[in-house]
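The values are calculated or read from the model by the stated rules, or taken from the named source; none is laboratory data. Quick caveat, the model's predicted, so the values are computed rather than measured. Cβ coordinates were reconstructed from backbone atoms using ideal geometry, including for glycine residues, and neighbour counts include every protein chain displayed. To get the accessible areas, we keep the full protein, side chains included, count just its heavy atoms, and leave off ligands, DNA and RNA. Shrake-Rupley method; radii C 1.70, N 1.55, O 1.52, S 1.80 Å.
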Amino acid sequence: MNSELTSRALSFPRPRKALPFVVALALGVSVALPARASEPFPAYLAEKYEMPCVPACTLCHLTNEGGALSFRDGFVADLLQVANASGNTIEAGNPESMAPALALVESMAMDKDMDKVTDIDELKAGTDPGGSALLCDVPKYGCGASSVAPSYPTRFGALALAASVMLMLGLRRRR
Amino acid sequence: MTNGSSRRSVPTFCRIFAWVIPLILVLFAPSRADAYTWMIRHSYTGCGICHADPSGGEVLTAYGRAQSDLLLSMKWGKGESAEPSSASNFLGFVDLPPEVMLGGSTRLATTVKDGELRAFPMQMDLYGQFRFGDFFMGGNAGAARVAVGSPHARAAQVTTGQGKEFNMISRNHYLGLDLAEGSYTVRAGRLNLPFGIRIPEHTARVREVTRTDRESDQQHGLALAYNSETARGEIMAIAGNYQINPDKYRERGYSFFFELMALDRTAIGLSSLYTYAKTDRSSLEDNVARGAHGGFLRTAIGDPFALLLEMNLLTNSTTKLGYVGFMQGDYEIVQGLHALATLELVNQGLPKSQPDLAPSPGLGELQAGGWLSAAWFLFPHLDVRIDAIIRQEEPFMLLSQLHVYL
């Protein structure tokens, strides 16, 4: 092992003197203004059209990671076409900015895959406006998630609480 | 479907796991979820001496905790010491027996992107490993809350919330056996995929695109690791991620790396991964066989500088050939304070299903990116890190992290 590096420490303030500085830095780094969380586009569409599920990002993107450069030639092509034609900008992270273009797609009864069911009606039914895929046929996460109810945050909260209590008891016993 | 049938269809091991592992881990539990591959500058070529995982990451051994104090943390004016301080112990004061390795990590992060400031818990994990002679068992339990469609955390969920609520996660859980005095290690369970350089930057393109990060890309399977002074490697038969349902989304195949010590502080390696899934969980395309195959290099140039390099060819039955790689230089300004520069290159290949799609950076043509980072290991249980990340055609992002570990 190379021990030379261990002696390269420079003369820094002792921990106690440095503590206020470190705490201030830590707070500056970790504590920020309240997050202005941007609701994702799929959730916005699901709520707006009462879709049977929140669709995967692949409704519009080539992969579930999304991104401004990976659009599919599907429903999103219709959406971007009318947005561009009408001068509406769809802003990244701002699903509300889709509303004018969505209204136009609906009023024009656009039908990307020409199956005689309009794009918006397909969204409402949970089918892909740009093809034949089922939008709700997406991976489910968690043990047994294909058959268990969608979520149980209360049960998880109880588990976390029980775990915390046991941790505290365990530490007290060690002392 | 009725509740009764739902309960019956949940795999028994999952139900047991959901209760037993967190209790075990909390009773005996949590270590830092890091692997610092630039430790090669200290002639540490292998990982198993400091980490419970023979290929690096997560739980620290007692020796690893000591080296964390002696070689990683800032000295604050203290002279060289051959003995680690007691502060490097679990929770700062619990001197655990060598058979028990415990740890935990909380990582608070902020991002500034497109002028928007966000703060969020990036990691809340407990870790543990317990040894009984040559046998051992270990794992991790934590909590995560991500948006629908997020590529992060979902694949490690234990609880089944599909929305933007907190879920319990487990990135690793395994049983293992050391053979030939620890030269070989067999493990079965949910494991980090043995592939490439195990860096802590889980959003690095090279880890994201190959799906080999330690954030949630682990898979269930059986792995055999080999470690010696001149070579190390690990091969894993991937049985699929049983925390993703239904079965058609599970990838099965293999993953391995093999690394040779070329010089005292230089190692070169090869890695390869190939999986098949009936439906790809990201693109939702059917019958997807994907692979990544390439080489990597770790070397120390002088005492304070370490260089990491990895380049992989990407194969995918639904896209044209692609590639992904990175080069990272780590300069230790003084012990505990690091400056890092990273270059990323990626082209995932155009999708075959859309031949008319114009190439764009990252899809059909090169996308370059760069990171400028500073990591400061303030004390044995506390470090901070700031990354300025710029990628072609993507907004600039400033990421900061405060990391506390037990």
Original post:
What list of ³J(HN,Hα) values in whole Hz, one per residue of region B:339-350 in order, does the Karplus curve 6.51 cos²θ - 1.76 cosθ + 1.60 (θ = phi - 60°) give from phi, with Gly and Pro shown as x?
Top reply: 10, 10, 10, 10, 10, 10, 9, 8, 8, 7, x, 5
Original post:
Summing +1 for each Lys or Arg and -1 for each Asp or Glu, what net charge is found among the other residues whose Cβ lies under 11 Å from the Cβ of B:Pro361?
Top reply: -2
Subject >> Inter-chain shielding of B:106-119 (mean C-beta neighbours from other protein chains, 10 Å cut-off) >> reply: 4
**OP:** Provide a whole-number value for the mean count of partner chain Cβ atoms within 10 Å of the Cβ atoms in peptide A:131-141.
**Re:** 5
Original post:
Which one of B:Gly64, B:Ser85, B:Met122 has its Cα pushed farthest toward the positive end of the charge dipole of region B:54-146, where Lys and Arg give +1 and Asp and Glu give -1 at the Cβ?
Top reply: B:Met122
**OP:** For each pair in A:Lys116/B:Lys113; B:Lys78/B:Lys113; B:Lys75/B:Lys164; A:Lys48/B:Lys113, compute the distance between the two Cα atoms and list the pairs where it is over 32 Å.
**Re:** A:Lys116/B:Lys113; B:Lys78/B:Lys113; B:Lys75/B:Lys164
**OP:** Please compute the net charge surrounding B:Ala87, taking Lys and Arg as +1 and Asp and Glu as -1 over other residues with Cβ under 13 Å from its Cβ.
**Re:** 0
Subject >> Loop-located GluC sites (Glu not before Pro) in region B:310-406, at most 13 other Cβ atoms within 10 Å (DSSP) >> reply: B:Glu393
**OP:** Please list, or write none, the lysines whose alpha carbon is within less than 16 Å of the alpha carbon of B:Lys248, excluding same-chain residues fewer than 8 places away.
**Re:** A:Lys140, B:Lys278
**OP:** Among the trypsin sites (Lys or Arg not before Pro) in region A:63-143, which ones are in a DSSP loop with at most 15 other Cβ atoms within 10 Å of the Cβ? Mind listing them?
**Re:** A:Lys116
Original post:
So what are the ³J(HN,Hα) numbers for region B:232-249, from phi and the Karplus equation (6.51, -1.76, 1.60; θ = phi - 60°), rounded to whole Hz, Gly and Pro as x?
Top reply: 8, x, 7, 10, 10, 8, 8, 8, x, 8, 7, 9, 10, 9, x, 4, 5, 8
Original post:
In the Gaussian network model of chain B, springs joining C-alpha atoms below 10 Å, which of B:Arg131, B:Arg207, B:Arg171 carries the largest mean-square fluctuation?
Top reply: B:Arg131
Subject >> Ranking by accessible area, most exposed first, for B:Arg107, B:Arg298 with a 1.4 Å probe >> reply: B:Arg107, B:Arg298
Subject >> chymotrypsin sites (Phe, Trp or Tyr not before Pro) within region B:326-406: DSSP coil, no more than 16 neighbouring Cβ in 10 Å >> reply: B:Phe396
Subject >> Exercise: per-residue mean of other protein chain Cβ atoms within 10 Å, B:153-159 >> reply: 5
